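Beneath this line is the structure, given in structure tokens, with notes to follow.
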Amino acid sequence: MSIFFSLANNAKILVNTNLKKPIGHSDRAVVVKEIPVGTSVETVHTVLSEFGSVVSIKMQLVGLWQKAVVEFAQLDQADLVAARWSILIGKNAVKVAKANLDKKS
């Protein structure tokens, strides 16, 4: 099951609640891991918007954490975030990495 949110700035946010269904990746996307379960999509959007224009956010529950795939409008924006191996969301450090890994990764 997926839940779709629309923000005031026309950003599309899709929350994927199906644990078995993988979420997509693109060259302009980063994966954010180990997001605390109580963290809202809006909070993730606000933090990552500081790095550039967010096109979409897809979140998925993974055990005791959440994972988000965040797609940016431009490739250099995703590269800027991925260059940092960790960012703060609230008081929590979360892992970030490029989402366009090959199938072996």
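Using label points projected 7 Å from each Cα along Cα→Cβ, tell me how many nm separate Val37 and Ala73, to one decimal.
So the two model labels end up 3.6 nm from each other.
Count charges around Gly52 for me, please; just the other residues with Cβ under 15 Å from its Cβ, Lys/Arg as +1, Asp/Glu as -1.
Summing Lys and Arg as +1 and Asp and Glu as -1 gives -2.
Read the figures in this text as sums done on the coordinates, not as results from a lab. In this text, all values refer to a predicted model and were calculated from it rather than measured experimentally. Using ideal geometry, Cβ is built from the backbone for each residue, glycine included, and neighbour counts are taken over all protein chains shown.
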